[in-house]
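Enquirer: Here it is, the structure in full.
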Amino acid sequence: MKHFATLKAKYQAAKHQDSSPVSRLYRILKQLDYQEQLRNSDITWLNEQELFETLTIFQQQEAAKEAEIDQLKDKYQAIKHPDSSLSSPLYPLLQNLEAYQQLSKSEIDWLEEHKLTETLNIVQQLEQKQHFVELKAKYKASQYEDSSPSSHLYKVLKKLELEHPLGEPDINFLKKRKLTDTITIAQDKYAATLKSKIERGEQLEESDVDWLKNNGRENIIAIAQAKHFATLKSKYNVSDYQDKSPSSPLYAILQKLEKAERLEPTDVAWLEENKIKRRQSNYGYYGWREEGYKLFSGKIWNTYHKNDSLRLRCSVCAIAHFFLASFVGAGFTTNLCHSPFTYINPPRSHPRCDRFIVLVGYPKCELNPPWESAIASFPVIWVGLFFCPIGVERGRV
């Protein structure tokens, strides 16, 4: 065989007469060519066949490997590991590092198990450096020479990879280094991310809308508003309303209802004037018979009055708390923090105040902080009869 003859010449074993492809010598010479370690039985066999030149070449290979592992241990800060034999798992691991190959999980676990912290740090730095090179190629920034993981460009490219928007300082950094292609890719990528967010039915944050405005992507804002408008129309059972444009007065009104904001009289008048074809759930309450059904009905009507009622209740509770503060300032004492009822105890300087009244405030009031008790004391007139459920108790002080 030609390959066998070539190996015998290379490793000075030509005097051996066997040229069979299943020869033991052929297997040994192939192992030498791949720089694999020979078994002890193979070394003994070479001695018996008096192939001393072949053995010398093998020994030179082994010596070179031993020198290499010492160099690699020093380079990758693994000197404290005592085993420097060629059979140690550390040797192929360090060879992989030298060849810029990513380590497997089992190799990482082996380093952690043997507490080679310095080597692990180097591995992390090499992985980051390789990642940086890949990101520079992906985002067309390869002309930037610095490949150190501590480079600011690496931080910028990682933001892009995580689909985060770039701030003005990052954009200026790219502009100064003439990385215009990177800027274009960054803007297109984040715009696509926001568009995907809209398609999933998620609402854009105010910061997202600002970014779209600043980067000339008003078309995506229009898509988001149209999608949000359709969602609100469905929620308030007015999907039959034909105008789908975000500039419709209905969109602004539904947004106010969502935020529990007060509707202006002009908003209510507009809802009264405009109609839809489909009848809403509580429309029969009004008894209207004209063609079409007014928008100011159903869920819109209910939400409007619910929000208005809540504001009235909170206002009353706020007034009640003002009176409570006046009592405390005048020397009255209360148990406000310890009971669902608030007792007003007049001081000795008020001899005519021989009675007290306990008022329990509206329990679902959403003032911040919630004032859950409307308080008064005889002879002061109490407030909030129609909006706060009240329990009255009288007694002698």
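Each value in this text was obtained by applying a stated rule to the coordinates, not by laboratory testing. Quick caveat, the model's predicted, so the values are computed rather than measured. Cβ coordinates were reconstructed from backbone atoms using ideal geometry, including for glycine residues, and neighbour counts include every protein chain displayed.
Enquirer: Kindly write out, for the stretch 87-92 in residue order, the coupling ³J(HN,Hα) from the Karplus curve 6.51 cos²θ - 1.76 cosθ + 1.60 (θ = phi - 60°), rounded to whole Hz, with x marking Gly and Pro.
Expert: Listing the rounded values in order: 7, 5, x, 5, 5, x Hz.
Enquirer: For the stretch 2-121, what size does the Cα cloud have along each of its three principal axes, sorted from largest down, in whole Å?
Expert: Cα spread of the stretch 2-121 along its principal axes, largest to smallest: 53, 23, 21 Å.
Enquirer: Right, something else. Extension gain GLN71-GLN130, at 0.36 nm per residue separation less the Cα-Cα distance, in nm?
Expert: Numbers: separation 59, 0.36 × 59 = 21.24 nm, distance 2.25 nm.
Stretched out fully, the GLN71 to GLN130 stretch lengthens by 19.0 nm.
Enquirer: Where does each of THR193, THR266 land when they are ranked from fewest to most other beta-carbon atoms within 10 angstrom?
Expert: If I rank by nearby Cβ atoms, fewest first, I get THR266, THR193.
Enquirer: Moving to a separate point now. Which of the residue pairs LYS129/LYS189; LYS138/LYS227; LYS105/LYS175; LYS140/LYS197; LYS195/LYS256; LYS189/LYS256 have a Cα-Cα distance greater than 31 Å in the structure shown?
Expert: As for pairs spanning more than 31 Å Cα to Cα, those are LYS138/LYS227; LYS105/LYS175; LYS189/LYS256.
Enquirer: Give me the log10 of I(q) over I(0) for the stretch 140-212 at q = 0.18 Å⁻¹, as the Debye formula computes it from C-alpha points; what are the numbers?
Expert: Once normalised to I(0) and log-transformed, intensities are -0.72.
Enquirer: Could you please state, rounded to a whole Å, how far the C-alpha centre of the stretch 28-95 is from the C-alpha centre of the stretch 99-168?
Expert: Comparing the Cα centres of the stretch 28-95 and the stretch 99-168, I get a distance of 32 Å.
Enquirer: If you don't mind, there's one more thing I want to ask. Within a Cβ distance under 13 Å of SER87, other residues only, what is the Lys/Arg minus Asp/Glu net charge?
Expert: -2
Enquirer: May I pose another question? How many nm is it between the label spots at GLU98 and LEU162, if each spot is 7 Å from the Cα in line with the beta carbon?
Expert: 3.7 nm
Enquirer: Given the peptides 56-62, 224-230, arrange them by the average over their residues of other C-beta atoms within 10 Å, most packed first.
Expert: Output ranking for 56-62, 224-230: 224-230, 56-62.
Enquirer: Ok, one more. With r as the distance between the Cβ atoms of GLU264 and ALA230 and R0 = 25 Å, compute the FRET efficiency 1/(1 + (r/R0)^6) and round to 0.05.
Expert: Values: r = 24 Å, r/R0 = 0.96.
Rounded to the nearest 0.05, the efficiency is 0.55.
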